[in-house]
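Here's the structure we're looking at; comments come further down.
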Ligand code: SF4
Ligand code: SF4
């Protein structure tokens, strides 16, 4: 018996999801725009306004090319059409269907899922806002007479085993002789967190150290 090979052209994709409106097949719901071609002046307002791609403009007249893609209950295009060319079936049929098919249990479940998604989005936004408030890198500017105050040594002691580091350290000394003569100098450095933690506790210690050695804290800037 000859072997049956699979047809490569065969459509192996699963069926597309049915288009449901709260559990009711959309094509069973009598809600769609109808255009009076005689009344349409081809202004294209409906084409531009509808977010569901229901309309096309053909021969300068609006045509509902995908009427069942209209959002059930929406009548925006009908309300704004300058000539009243767009009409809809009466809502009674939709209300009757809502009752007959008892969509409210489905609606309740869908609403619960929507609340859940909103709560997750809010929690994510809150967490991102909290992270944005945390300073993980800051520039410190210190001025004064550094002389023999052991500032750098004490700064290193402050670091100890903590998850911070000091980078881009620069000391501007006017002249070597001036430094010896205890002329004021200017130091800048950046405090970083190796673990993306808030550097503020370490900055507080730096502030205390600067005060303790009688230097001037010019600025602390979050980066
Ligand atoms: S808004 Fe009204 S008049 Fe304008 S194109 Fe659409 S149907 Fe025609
Ligand atoms: S009623 Fe709303 S969704 Fe339906 S065709 Fe008009 S604008 Fe589009």
One quarter of the convex hull surface, Cα atoms only: what value does that give for the range 137-222 in nm²?
5.2
Crossing angle, helix 104-133 versus the chain [Cα axis fit, 0-90 degrees, rounded to tens]
20
Regarding the range 71-118, what's the average projected area of the Cα-atom convex hull, expressed in nm²?
4.6
Helix 200-212 against the longest principal axis of the chain: what's the angle in degrees, Cα atoms only, rounded to the nearest 10?
20
Using only the alpha carbons, work out the radius of gyration and Dmax of the chain in angstrom.
35.5, 105
Per residue of the chain, what 222 nm ellipticity follows from adding -39500 (n - 2.57) for every DSSP H run with n ≥ 4, rounded to the nearest 500?
-10500 deg cm²/dmol
Ranked by Cβ crowding within 10 angstrom, fewest neighbours first, how are 68, 187, 91 ordered?
91, 68, 187
Roughly how far apart, in whole Å, are the Cα centres of the range 12-67 and the range 69-138?
19
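Where a number appears in this text, it was derived from the coordinates with a stated rule and is not lab data. Everything numeric in this text was worked out from a predicted model, so none of it was measured. A quick note on method: Cβ atoms are made from the backbone with ideal geometry, for glycine too, and the neighbour counts reach across all protein chains shown.
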